[in-house]
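The values are calculated or read from the model by the stated rules, or taken from the named source; none is laboratory data. A quick note: this is a predicted structure, and the numbers were derived from the prediction, not measured. Because the Cβ atoms are built from the backbone with ideal geometry, glycine has one as well, and the counts that use them run over all protein chains shown.
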Amino acid sequence: MVRYRGEKTGSGVPLGGIGTGKIEILPNGGFHSVTVQNNCNAPFQNPTSGAGPLTQGIYGFHFGLYTERRNRRGAWILQTERMRNYSRVDRIDYEGMWPKAALTYHKRGWTVEVRLEAMGPIRSNDMDGSARPGALFRFFVTNRSKDSIRVGLLGMVRNIVGADEIGRVNRLEKNPRAVSIVCTAENPYPGDPTWGETALTVPREGHVSWIRQWNMQTSNFRLDSDCVDLRPFTHFQKNGSLPNDESAFVQRGGGATLGGALATRKSVRPGRTETFDFVLSWHYPVHHAGHHYERRFRTATAVARSFLNDRKRLLTTCDRWQKPILDADLPAWLKDALWNNLYVLTSTTWWDRNGNFAFYEAPVICPLMGTLDVRYYATVPFVRMFPDLEKNELHQFALAQRSGGYIPHDLGRNRLDNPNDGTTHYPWKDLNPKFVLQVYRDVLWLKDRAFLNQMYSSAKKAMLWSLGTDKNGDCLPDNEGADQTYDVWEFFGTNSYTSSIFLASLRAFEELAQLKGDRSMIRLCRQWFEKGRRSFVDQLWNGRYYVAGWSKGKTYPACIAGQLNGQWVAHLLGLGYLLPPDQVRSAVKSILRLNGRDSRYGVTNSVFPDGRRDTSNAHSSGIWPGESYAVAALAIYEGFVTEGLAIAKKTWANMTDVQKNPWNQPDVIHSSDGKFGFGDFYMRNMAVWAVAEALAATRPPIRRALDSVYYYK
């Protein structure tokens, strides 16, 4: 598990379902970066007005604890950040293992142990269950004294519904099984995507009490750690309950921030552990594409009921799903990296009411949907965890194919119906080969003949379009500038990254054509592959590695990390060697020696043969964690297991130990200091699963562990 003890981090484990938005729980006990309101592009956080020091954690979302033993009472906000003069805990031990976070709270003098397990609903091969817009918070309170202790847990929620604060109001919903505070608003602005419901719910177990609504804002135009009124806590600290205040008003003016609170209280006998459950759920249907979850749920409280009905299974299935990896003979850091890099399934996904699914490339800074060159890396684990969603997104690219056969870069900006050819002018030369490779991978791994029949025509057109990018007859694509995934890095003529992937796609399409009995395409792909392979060696091999590029007799002599990316995916898909094995091994050794040693933080994209870092542009001098993981996997396939694991480990350690931001990763890292560059919540880094795949190629127990996770039931 990723562990923090008192450190400030840039993110927390995101809680929520696939395509639902999320709320992060931080190591300090606060909540952060809320995107439940169709606001993936602008996460809700604390304002940065400059009025005072920024408190980590959104004001108004809090938990509290009350204990009473032999008439000695105490109450604490369950966080370490200061909030006015409210009592708080001394320390929180935080363990993050997506989709679950575990927080253990410490306070001098306590005679109870308090642990929170907070989790979302995502589980492999459970599509509908994984699409629930909510999270479960289960507190375990253990009595370590010789006396019974009265224990209360308090939950507070803030009404942030709607773009306009006017009209906000809270509802109280009670039934024999549960009580909910529902934050909503009257008279919403037409088309306001932030209008809907957020609900805090507790089951009727023990003594349940409530405050429907209060104003937590004590100063006009300010809501910070010095002027937030947590009135329910004042009541709660008296006896662990609330006064069942059901009064409410519809907000008609400024100067108010509405909150609601629920408390649940039980007696805990000596040596026993009692559980206290809360559910935070949401329902925000005002969006041009809508949500898959609307098919199943009409209200936030309906979501909460689903969580409460399913809470025991949620807890056990999470542990069972993770267990094969946690028990496998893998380094501890890799187990952490595998699970926690799946966080983008919560933070970066969209699943609309018509059933169409997509990943955001980077929801805040680059909200392009499904970005094809990036999902090529990202979907290595996703294919077998959620095969129907994987096929749906890839099929959308087939439907978006241009008439000449070109596959667009993405499906649109914040939409799935406005495909974009690329972030630069010239058609990208790596997109069509990557599309073909993803089609082959999905057909191969899913053994899905129907998907082959559905996608073959598009893959064939894509392959033929790629053949047309060869302008000089060498059977390799001719780059025309920044026309591939490194979109600020210009190449002209032959580029080793693009061309190695092209060679892999020729082999992959040959296999697809074999399955379809398309003899003319089998012959064509074989002819192109043989000549293209010779051209690749003749133009790019320098005796140690394949140089970055060749154009009209001139070489770009740098050693680039992605020069054999196509060989990595060929090993992953069992396509064999694209190039002479001795040359491949020599090139991998050069990458490890030059690119792998250049930085403490990962594999530098481009290094000259004398060891100088290539600083010609931001991509050449930077580190791409996703590419670092692909290089690590390739090294393992080639027998450099120790070296491959070492570069993957330092890439991950920078996220967790140096930058302390593992649940909001970028695509680009500065090789000089490890600081984050471009990208947010970036999906490419799921490619760390390729490292485990490479290990599994020669270790059957690891293969079985991965399959248990992929095909979990």
Here are 275, 316: which of them is outside the structural domain of residue 172 (by TED's automatic domain parsing), surrounded by fewer than 21 Cβ atoms within 10 Å (Cβ to Cβ) and either touching a residue at least 24 places away in the same chain (Cβ under 8 Å) or among the β-branched types (Val, Ile, Thr) (or both)?
316
Conditions (1) over 30 Å from residue 530 (Cα atoms); (2) among the aromatic types (Phe, Trp, Tyr); (3) part of a loop (DSSP other than H, G, I, E, B) -> residue 577 fails only (1)
Would you check which residues across the stretch 150-174 are closer than 29 Å to residue 71 by Cβ and surrounded by fewer than 24 Cβ atoms within 10 Å (Cβ to Cβ) and list them?
150
Taking the stretch 303-333, which residues are touching a strand residue (DSSP E or B) at 6+ places or on another chain (Cβ under 7 Å) and within 30 Å of residue 697 (Cβ to Cβ)?
318, 322
What's the number of the only condition in (1) over 21 Å from the mean Cα position of the chain (by Cα); (2) more than 21 Å from residue 588 (Cβ to Cβ); (3) surrounded by fewer than 21 Cβ atoms within 10 Å (Cβ to Cβ) that residue 705 fails to meet?
(3)
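Right, residue 293: at pLDDT 95 or above, crowded, with 21+ Cβ neighbours inside 10 Å, under 23 Å from the mean Cα position of the chain (by Cα) and farther than 30 Å from residue 703 by Cβ or not?
Considered against the rule, which asks whether it is at pLDDT 95 or above, crowded, with 21+ Cβ neighbours inside 10 Å, under 23 Å from the mean Cα position of the chain (by Cα) and farther than 30 Å from residue 703 by Cβ, residue 293 comes out as yes.
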Heads up, the strands (runs of 3 or more DSSP E) in the stretch 490-571 (entirely inside) with at least 1 residues that are surrounded by fewer than 20 Cβ atoms within 10 Å (Cβ to Cβ) and either basic (Lys, Arg) or in contact with a helix residue (DSSP H, G or I) (Cβ under 7 Å, 6 or more places away or on another chain) (or both) are 554-556
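Among the residues of the stretch 573-582, are any over 28 Å from residue 511 (Cβ atoms) and crowded, with 20+ Cβ neighbours inside 10 Å?
So the first thing to find is which residues in the stretch 573-582 are over 28 Å from residue 511 (Cβ atoms), and the list is none.
No, the stretch 573-582 contains no residue that is over 28 Å from residue 511 (Cβ atoms) and crowded, with 20+ Cβ neighbours inside 10 Å.
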Scanning the stretch 222-271 residue by residue, those touching a helix residue (DSSP H, G or I) at 6+ places or on another chain (Cβ under 9 Å) and charged (D, E, K, R) turn out to be 245, 265
Say whether the condition of being in contact (Cβ under 8 Å) with a residue 40 or more places away in the chain, out of contact with any helix residue (DSSP H, G or I) (no Cβ under 9 Å at 6 or more places or on another chain), surrounded by 24 or more Cβ atoms within 10 Å (Cβ to Cβ) and aromatic (Phe, Trp, Tyr) is met by at least one residue in the stretch 98-119.
yes
State whether one or more residues within the stretch 617-637 are surrounded by 22 or more Cβ atoms within 10 Å (Cβ to Cβ), in contact (Cβ under 8 Å) with a residue 60 or more places away in the chain, of a type in the set (S, T, N, Q) and not in a helix (DSSP H, G or I).
no
For the structure I just gave you, tell me whether residue 298 is assigned to a strand (DSSP E or B), of a type in the set (Lys, Arg) and touching a residue at least 12 places away in the same chain (Cβ under 8 Å).
no
State whether one or more residues within the stretch 380-402 are under 23 Å from residue 713 (Cα atoms), outside any helix (DSSP H, G or I) and either β-branched (Val, Ile, Thr) or free of Cβ contacts under 8 Å to residues at least 60 places away in the same chain (or both).
yes
What pairs can you find where one residue is in the stretch 642-660 and in the same structural domain as residue 693 (by TED's automatic domain parsing), the other is among the charged types (D, E, K, R), and their Cβ atoms are less than 8 Å apart, with a gap of 6+ or different chains?
650/600; 652/336; 654/600; 656/336; 659/675; 660/7; 660/8
